[in-house]
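*Asks:* Just passing along the structure, written as C-alpha cells.
The values are calculated or read from the model by the stated rules, or taken from the named source; none is laboratory data. Model, not experiment: these values are computed from the prediction. Cβ placement follows ideal geometry from the backbone for every residue including glycine, while neighbour counts extend to all protein chains displayed. Side chains included, ligands, DNA and RNA excluded: accessible areas come from the protein's heavy atoms. Shrake-Rupley method; radii C 1.70, N 1.55, O 1.52, S 1.80 Å.
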Amino acid sequence: MHTMKVSPVSLLVAMLAVAPAAHAADIIGTITLKGTPPAEVPITPLMDNPDCAAMHKTTPTTHFYVVGPKGELADVVVSLKGVTGKSTGASAPPVVLDQKGCLYVPQILAIQTGQKLVVKNSDNCIHNVHCTPTVAGNEEHNDAQMPGGADLTYTFPRPEMFLRFKCDVHPWMFAWVSVFDSPYFGISSPDGKFVIKNVPPGKYTVAADHRKLGSQTQDVEVKDSDVTVNFTFEVK
Ligand SMILES: [Cu+2]
C-alpha cells in the first residue's frame with residue numbers, strides 16, 4: 001500500500017482549480033457613429049440674453065452628436081437591461097450637474113436610484129432648475145437658484161431613461177439624467193469608450209441608448225475576465 005503525501009499548498013492549488021472564484025469583471029467597449037450627423041444648431045437666444053452672452057465669446061451650439069474624427073461617439077448611455085434591486089445609490093458619491101455659461105454641464109449623465117444628484121449654479125445669473133420625470137414615483141421639482149446660491153440636491157427612487165432637466169429662465173437649457181436601479185452603467189467619453197465596472201458573472205443584455213439615435217442591445221456573458229462589446233450607430 002502506498003500513501004500519497006499532499007502538501008497544504010498543492011491542496012489549496014487543487015481547490016482553486018476546482019472552484020474558481022467568481023470574480024466580477026468589466027464590460028468595456030467603443031461606440032462608433034457611421035455617417036454624418038446633422039449640423040448642430042447655434043443657440044442664438046442665449047446670445048440675446050446679456051447675462052448669458054457675457055460668458056461666451058462665440059455662439060454656443062447644441063451638442064446632440066458629440067463625434068470624434070473617426071466617428072467615436074460620446075454621450076451614449078450604456079447599461080445592463082432589466083437589472084434591478086441592485087442600487088448602491090444611498091452610499092455612492094453624489095453626481096454633479098453644473099450650470100455654466102447658461103448651459104447644463106454635462107448634458108448627459110446617469111445616476112443610481114437613491115443616489116444624490118447635486119445641481120450647482122456657477123453662473124452670475126439666476127437659473128430655475130426644473131426636472132420633469134415621466135415615471136411614476138419620481139418627483140417633479142421646480143427650484144429657483146440664485147447666483148452663489150446653495151446647491152440643490154435631488155434623488156429619484158425609480159429607474160427612468162433620459163429624465164429631463166430644463167431651466168424655466170433659459171428655454172434652451174436641457175440636461176438628461178438616466179436613473180438606474182443598479183451601479184452597472186456607463187456613458188461613452190469623447191473617445192467613444194465606455195466601461196461598466198465590476199459586473200458579477202452572468203448573462204446580460206447590454207443596452208446602448210443615445211438621445212437622438214435610439215437604442216441598441218447586445219447579449220453578453222460575463223465570466224471572470226473583461227468582456228468587450230462594441231456598438232455602431234448609423235445616421236439615417
Ligand atoms: Cu438657466
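*Asks:* Of all residues in region 45-69, which are more than 16 Å from the ligand (Cβ to nearest atom) and more than 20 Å from Arg211 (Cα to Cα)?
*Replies:* Scanning region 45-69 gives Lys57, Thr58, Thr59, Pro69.
*Asks:* Moving on to the next point. Return yes when Ile196 is within 22 Å of Lys120 (Cα to Cα), more than 15 Å from the ligand (Cβ to nearest atom) and open to solvent by less than 60 Å² (accessible area, probe 1.4 Å) and no when it is not.
*Replies:* Criteria not met by Ile196.
*Asks:* Of the residues Ala144, Ala175, which is of a type in the set (Gly, Ala, Ser), within 16 Å of the ligand (Cβ to nearest atom), open to solvent by 50 Å² or more (accessible area, probe 1.4 Å) and assigned to a strand (DSSP E or B)?
*Replies:* On the way: Ala175 fails: open to solvent by 50 Å² or more (accessible area, probe 1.4 Å).
Checking each option against the conditions leaves just Ala144.
*Asks:* Further question on the same structure: Can you name the residue in region 114-141 that is touching a Ser or Thr at 6+ places or on another chain (Cβ under 8 Å) and assigned to a loop (DSSP other than H, G, I, E, B) and, of all such residues, is surrounded by the fewest Cβ atoms within 10 Å (Cβ to Cβ)?
*Replies:* At the first step, the residues of region 114-141 found to be touching a Ser or Thr at 6+ places or on another chain (Cβ under 8 Å) are 114-119, 140.
Remaining after also requiring assigned to a loop (DSSP other than H, G, I, E, B): 114-116, 140.
On the way: Gly114: 16, Gln115: 22, Lys116: 17, Glu140: 9.
The selected residue is Glu140.
*Asks:* If you don't mind, there's one more thing I want to ask. Need pairs with beta-carbon distance below 8 Å; first residue at positive phi and surrounded by fewer than 22 Cβ atoms within 10 Å (Cβ to Cβ) and within region 71-86, second in a loop (DSSP other than H, G, I, E, B) and modelled with pLDDT of 95 or more; sequence gap 6+ or separate chains.
*Replies:* From residues that are at positive phi and surrounded by fewer than 22 Cβ atoms within 10 Å (Cβ to Cβ), the pairs are Gly71/Gly192; Gly85/Asp181; Gly85/Ser182.
*Asks:* Which members of region 213-236 meet the condition of being in contact with a strand residue (DSSP E or B) (Cβ under 9 Å, 6 or more places away or on another chain) and in a loop (DSSP other than H, G, I, E, B)?
*Replies:* At the first step, the residues of region 213-236 found to be in contact with a strand residue (DSSP E or B) (Cβ under 9 Å, 6 or more places away or on another chain) are 213-235.
Within region 213-236, Leu213, Lys223, Asp224, Ser225, Asp226, Val229, Asn230, Val235 qualify.
*Asks:* Also, I was wondering about something else. Out of the residues in region 156-171 meeting the condition of being of a type in the set (Lys, Arg) and within 16 Å of the ligand (Cβ to nearest atom), tell me which one is surrounded by the fewest Cβ atoms within 10 Å (Cβ to Cβ). Give the derivation first.
*Replies:* At the first step, the residues of region 156-171 found to be of a type in the set (Lys, Arg) are 158, 164, 166.
Pick out the ones that are also within 16 Å of the ligand (Cβ to nearest atom) and you get 164, 166.
Working: Arg164: 14, Lys166: 18.
For region 156-171, the residue satisfying everything is Arg164.
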